[in-house]
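Participant: Please find one structure pasted underneath; my questions will follow.
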Amino acid sequence: MALLDILEFPDPRLRTVAKPVEKVDDELRKLIDDMFETMYAAPGIGLAASQVNVHKRLLVLDVSDDHNEPMVFINPEVTPLTGETKTYDEGCLSVPGFYETVERPDRIKVRALGRDGEPFEMECDGLLAVCLQHEIDHLDGKLFVDHISRLKRDRIRKKLEKVHRQRA
Ligand code: QAP
Ligand code: CO
C-alpha cells in the first residue's frame, strides 16, 4: 500500500476529463487500495482518481460514521431521480481548508462497476448522493468551486497559490 500525492486547485491537471476504465484487474485494484489508504489518511470521505493524477473513471468513498463502509465506483453514471435539489457545505481534499455551499440534485440513481468488475445499480440520497456527484465532477475535470461565484473562486485560488508558494 502507498500514500498518493493529491493535486490541489488550481493545478490544471485537475481539469483533465478521465477516460473509461477498460479492464478491472489486479493493477486497478492496487490503485483502489492506495486511493483508500490516501483518503482515510487525509482524512476524507471521497477521492476521485483524477485527484491523484490518474485520469481513469474511478472513485472511492466512505460516508459512514465509523469509516468502515468503503465503496468503489468504476465508470459511474448518474441520473437525477427528481428535480429537487439540496444544498450542502462541501469541501475537497484538492481545495484544503475551504468549504462552500453547493446545490445539487437530492436523489440520484448510479450505475457503475464494483471492485470485482461486476455492474451494479443503486439509488442514493443524503451525503452519499452529494459525495458521489462531487467525485464524478472530478472525473469530468470539474471542482466544487466551479459551482460558486467567480469572486469566491478567485479568492480561494489566490489564497491557495500563496500557500503553494510558501511551501516551495
Ligand atoms: C467530498 O471531501 C465531499 O478542506 C470529499 O482541510 C465533501 O473528503 C463530498 C478535507 C463534502 C460531500 C461533502 C477537506 C480534508 C476532506 C479539507 C473530503 C481539509 C481536509 C474533504
Ligand atoms: Co473533491
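Derivation of every value follows stated rules applied to the coordinates shown; laboratory data play no part. All values reported here derive from a predicted model rather than from experimental measurement. Virtual Cβ from ideal backbone geometry, glycine too; neighbours counted across all protein chains shown.
Participant: Using only DSSP helix segments of four residues or longer, with each worth -39500 (n - 2.57), what per-residue ellipticity at 222 nm results for the chain after dividing by its residue count and rounding to 500?
Facilitator: Calculated at 222 nm, the ellipticity per residue is -9500 deg cm²/dmol.
Participant: Hey, fewest Cβ within 10 Å first, where do Met122, Met71, Met39, Met1 land in order? Spell out each step's value before the answer.
Facilitator: Values: Met122 13, Met71 19, Met39 25, Met1 8.
Ascending number of Cβ neighbours within 10 Å: Met1, Met122, Met71, Met39.
Participant: I'd like to know how segment 1-102 sits against the 2.2 N^0.38 Å rule of thumb: what's its Cα Rg over that expected value?
Facilitator: Segment 1-102 yields a ratio of 1.11.
Participant: Assuming 0.36 nm per residue, please report the length gained on full extension of the stretch Arg150 to Asp25 beyond their Cα-Cα distance.
Facilitator: Details: separation 125, 0.36 × 125 = 45.00 nm, distance 4.08 nm.
Full-extension gain reported as 40.9 nm.
Participant: Next question, about the same structure. Calculate the dipole size of the chain relative to its Cα centre from +1 charges on Lys and Arg beta carbons and -1 charges on Asp and Glu beta carbons; express the result in debye to the nearest 20.
Facilitator: Approximately 1120 debye in magnitude.
Participant: With 10 angstrom as the radius, rank Ser149, Ser94, Ser50, Ser64 by how many other C-beta atoms surround their C-beta, starting from the fewest.
Facilitator: Details: Ser149 10, Ser94 23, Ser50 28, Ser64 13.
So the residues, fewest neighbours to most, are Ser149, Ser64, Ser94, Ser50.
Participant: Could I ask something else about it? Picking from Ala168, Thr79, Ala41, whose Cα lies most toward the positive end of the charge dipole for the chain (charges on Cβ: Lys, Arg +1; Asp, Glu -1)?
Facilitator: Ranked along the dipole, the leading option is Ala168.
Participant: Once you have the Cα-Cα distance between Arg15 and Val54, take 0.36 nm times their residue separation minus that, and quote the gain in nm to one decimal.
Facilitator: 12.8 nm
Participant: Too long at a 26 Å Cα-Cα cut-off: which of Lys19/Lys86; Lys19/Lys152; Lys86/Lys109; Lys23/Lys109; Lys109/Lys142; Lys30/Lys152?
Facilitator: Flagged as over cut-off: Lys19/Lys86; Lys19/Lys152; Lys30/Lys152.
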